[in-house]
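Scroll down for the structure; my scribbles are underneath it.
The values are calculated or read from the model by the stated rules, or taken from the named source; none is laboratory data. Quick caveat: nothing in here was measured; it's all calculated off a predicted structure. In this analysis, Cβ positions are derived from the backbone assuming ideal geometry, glycine residues included, and neighbour counts consider all displayed protein chains. Heads up: the accessible areas ignore ligands, DNA and RNA and are worked out on the full protein's heavy atoms, side chains in. Shrake-Rupley method; radii C 1.70, N 1.55, O 1.52, S 1.80 Å.
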Amino acid sequence: MTDQRPAPHPAQTPGAPTAYAPPQVRGVSAGYRRWASILTWLAITIGGFVVVAFVVSLVLLALADVDDRKAAYGYLALVLWVMIAAAIPVLLAVAIPGVVMTRQVRQRR
């Protein structure tokens, strides 16, 4: 072992360093933009299917109410409602990241 001491550190001054520059905003890659648009269009498509399924379920309920022999249409409407309930979390899981990513793409242009 040597008897040398470590070099003293320079005194720390409070506050910002003398040469401060704000952080630079990084650009958005083409892949990020592509995934933002894919997620957005996927959310729009799923939302369209949910709206169509809801309208079809109302029509099926109206048909089931008209005649007792068409009661199976009411059960089909219930199946559509279950499918809509299952699609809502998927829609949210796709739409929220798509909106956030699209907002970031637009802000960084």
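Within the range 9-24, restricting attention to residues that are at pLDDT 75 or above and open to solvent by 100 Å² or more (accessible area, probe 1.4 Å), which residue is farthest from Arg106 (Cα to Cα)?
Pro23
I need a count of the residues in the range 80-109 that are surrounded by 13 or more Cβ atoms within 10 Å (Cβ to Cβ) and touching a Gly at 6+ places or on another chain (Cβ under 7 Å).
Within the range 80-109, residues that are surrounded by 13 or more Cβ atoms within 10 Å (Cβ to Cβ) and touching a Gly at 6+ places or on another chain (Cβ under 7 Å) number 1.
Here are some residues: Ile46, Ile38. Which one is of a type in the set (Val, Ile, Thr) and touching a Leu at 6+ places or on another chain (Cβ under 8 Å)?
On inspection, the qualifying residue turns out to be Ile46.
In the range 80-94, which residues are free of Cβ contacts under 8 Å to residues at least 24 places away in the same chain and closer than 11 Å to Phe54 by Cα?
Passing the criteria: Val82, Ala85.
Could you tell me whether Arg106 is of a type in the set (D, E, K, R) and closer than 30 Å to Tyr32 by Cα?
Here the answer is yes, as Arg106 does meet what is asked.
What is the residue count in the range 49-79 for residues that are under 21 Å from Leu92 (Cβ atoms), in contact (Cβ under 8 Å) with a residue 24 or more places away in the chain and open to solvent by 50 Å² or more (accessible area, probe 1.4 Å)?
Residues flagged as under 21 Å from Leu92 (Cβ atoms), in contact (Cβ under 8 Å) with a residue 24 or more places away in the chain and open to solvent by 50 Å² or more (accessible area, probe 1.4 Å) within the range 49-79 amount to 2.
Given the conditions (1) under 17 Å from Pro89 (Cβ atoms); (2) assigned to a loop (DSSP other than H, G, I, E, B); (3) of a type in the set (Val, Ile, Thr), report the number of the one that Val28 does not fulfil.
Of everything listed in (1) under 17 Å from Pro89 (Cβ atoms); (2) assigned to a loop (DSSP other than H, G, I, E, B); (3) of a type in the set (Val, Ile, Thr), Val28 misses just condition (1).
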